[in-house]
Amino acid sequence: MTETLTETATPSLTDPRVLRGIELTWREADLLDRKEYEAWNALYAEDGLYVIPIDPTTTDFDNTLNMVYDDARMRGMRVTRMTEGHAIAAVDSATTARTVSRFVPVEVSDAEVVLRASQVLVAYKRGRHDLWAGDVEYRIRLGATPAEDLIALKVVRLVDSEAAVPAAGFLL
């Protein structure tokens, strides 16, 4: 049974399933800030997607242009690039600090939690701070225990996605 929450319903952030989803998103943010990319990738379901669309309203990621559209194979290649030091992004990557907050439960069931959130990321590199902000959608597949929960979908909709966005040497 899926409980879909409407704008008029009061979302329950205290629902244990919702809390599990939020905790997973915070774990992901921590791993990314510590540059533990292999552990980050392990948080994703085998069929999970990591997407950064250019069109902030699209839901058809297969048929629109995206800055990032990573399935398991592409995430693995990205992690290799970020960890082996052969890419400029890996050699001189920014130090990041991200905050994921403003969680809104969209769908809640015993199998899955869909959350909307806001993310603000500060990246520091070569004496300069850059700010990245966006709305994030997470589809969390719940396992038998919190340790088995996986990200089935992460969509980062940057607030400036339709503008010229600089290349990032880190994952959002």
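The values are calculated or read from the model by the stated rules, or taken from the named source; none is laboratory data. All figures in this text were calculated on a predicted structure; none of them were measured in a lab. Backbone-built Cβ (ideal geometry, glycine too); neighbour counts: all protein chains shown. We work out accessible area using only protein heavy atoms, side chains counted, and drop any ligands, DNA or RNA first. Shrake-Rupley method; radii C 1.70, N 1.55, O 1.52, S 1.80 Å.
Please verify whether region 70-86 includes one or more residues that are under 20 Å from residue 29 (Cβ atoms) and part of a strand (DSSP E or B). Yes; the residues of region 70-86 include at least one that is under 20 Å from residue 29 (Cβ atoms) and part of a strand (DSSP E or B). Considering region 76-86, the residues that are of a type outside the set (S, T, N, Q) and closer than 26 Å to residue 47 by Cβ include one that is modelled with the lowest pLDDT, namely 84.
Out of the residues in region 137-172 meeting the condition of being under 13 Å from the mean Cα position of the chain (by Cα) and free of Cβ contacts under 8 Å to residues at least 60 places away in the same chain, tell me which one is nearest to residue 17 (Cα to Cα). The extreme case among them is 139. Taking the numbered list (1) part of a strand (DSSP E or B); (2) surrounded by fewer than 15 Cβ atoms within 10 Å (Cβ to Cβ); (3) touching a strand residue (DSSP E or B) at 6+ places or on another chain (Cβ under 8 Å) in turn, residue 46 passes all entries but (3). Consider residue 97 carefully, then state whether it is farther than 16 Å from residue 155 by Cα, open to solvent by 30 Å² or more (accessible area, probe 1.4 Å) and part of a strand (DSSP E or B). Judged against the criteria, residue 97 is a match.
Out of all the residues in region 13-43, which are over 20 Å from residue 134 (Cα atoms) and part of a helix (DSSP H, G or I)? Passing the criteria: 16, 17, 18, 19, 20, 37, 38, 39, 41.
Residue count for region 112-137 satisfying the condition of being at positive phi and of a type in the set (Asp, Glu): 0.
For first residues located in region 115-126 and closer than 10 Å to residue 96 by Cα and open to solvent by less than 60 Å² (accessible area, probe 1.4 Å), partners that are of a type in the set (Gly, Ala, Ser) and assigned to a strand (DSSP E or B) and lie 6+ apart or on another chain with Cβ distances below 7 Å form the pairs 122/97. So is residue 148 of a type in the set (D, E, K, R), open to solvent by 40 Å² or more (accessible area, probe 1.4 Å) and modelled with pLDDT under 90 or not? No: the conditions fail for residue 148.
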